[in-house]
Amino acid sequence: MCNSFTICSTESQAQAVAALAAALGASCSDAAAPGSAQPGTVAYPGMPAPVVVTASSNDGKLSLAVDELPFGVPVTWKSGSIFNARLESVLSGEGIWAEAADTGRCILPCASFFETHGSQKAKSPRTGRTVKQRYAFEAEDGAPLYLAAIRTEGGFAVVTTAPNQDVAPVHDRMPLTLTAHEAAIWLDPRIAPVQLAALADRSAVHLASSPVLPSPPEDAQLTLPL
């Protein structure tokens, strides 16, 4: 379950948007939407983060823009927010993600994401307590990652899938980490959700990992993914 990631630098964000626009054959906005997300910040549920969204003009051409949204989608039936969405649920055409699967697909460019190991333990330098070991995952070449995400009116959730060979030793799910070409497919509103199932296999993606101990905010409210 991915409940945190590192917001990439302004330069990397621009690099990501340009790569996505080229892959999609779309234009892109010259300026990102103003916001409070700070590059290099580790974002947790409830915090704002920039995501890449698509829009269509009257002539049918696609354009990309950067919008800042809260990480996590609020729901009325639980406290906190849903910050992960299982790819299987998103593509099912049912449930909470049914409408967003068609109109709310977006991409989260980030420098890294974090997963917690199921059994490894380490001592927290902040509290001195024994906690579960966390790992940071990033691109081997240091380039920005493209995480598939889905947005609603209240925020966005990171889409997850079965782990690849790099993440499986740590966790039983991973963010749907895409190449620029695959991210363009995810963003393209002309492609129906049912056509995206092939993106589930992340065995060709290679990530570097390192043990870390980031501490989530004390008031972070977490809700299990759907």
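Any read-out appearing in this document is the output of simple, stated calculations on the displayed coordinates, not a laboratory observation. A quick note: this is a predicted structure, and the numbers were derived from the prediction, not measured. Cβ coordinates were reconstructed from backbone atoms using ideal geometry, including for glycine residues, and neighbour counts include every protein chain displayed.
With Cα atoms defining each centre, the stretch 79-104 and the stretch 149-201 are spaced 12 Å apart in the structure.
Once the C-beta distance of ARG129 and THR41 is scaled by a Förster radius of 22 Å, the resulting FRET efficiency is 0.40 to the nearest 0.05.
Bridgeable aspartates and glutamates around LYS123 (alpha carbons under 20 Å apart, same-chain partners fewer than 8 residues away excluded): GLU115, GLU218. Shown for ILE7, ILE191: other C-beta atoms within 10 Å of each C-beta, ranked fewest to most, produce the order ILE191, ILE7.
Short-range pairs are left out: with C-alpha atoms under 8 Å and at least six residues apart, the relative contact order of the chain is 25 percent.
Arranged from fewest to most other beta-carbon atoms within 10 Å of their beta carbon, THR76, THR130, THR177 become THR76, THR130, THR177. Matching the structure-derived log10 I(q)/I(0) by the Debye sum over Cα atoms at q = 0.12, 0.15, 0.16 Å⁻¹ against the labelled list [x] -0.61, -0.97, -1.11; [y] -0.61, -0.89, -0.98; [z] -0.70, -0.95, -1.03 gives the label [x]. Each of LEU24, LEU91 was scored by other Cβ atoms within 10 Å of its Cβ. Listed from fewest to most, they are LEU91, LEU24. Each of SER119 and LEU213 was given a label point 7 Å from its Cα along the Cα-to-Cβ line. The distance between the two points is 2.2 nm. Only helices enter the 222 nm calculation for the chain: every DSSP H run of n ≥ 4 contributes -39,500 (n - 2.57), and dividing by all residues gives -3500 deg cm²/dmol, rounded to 500.
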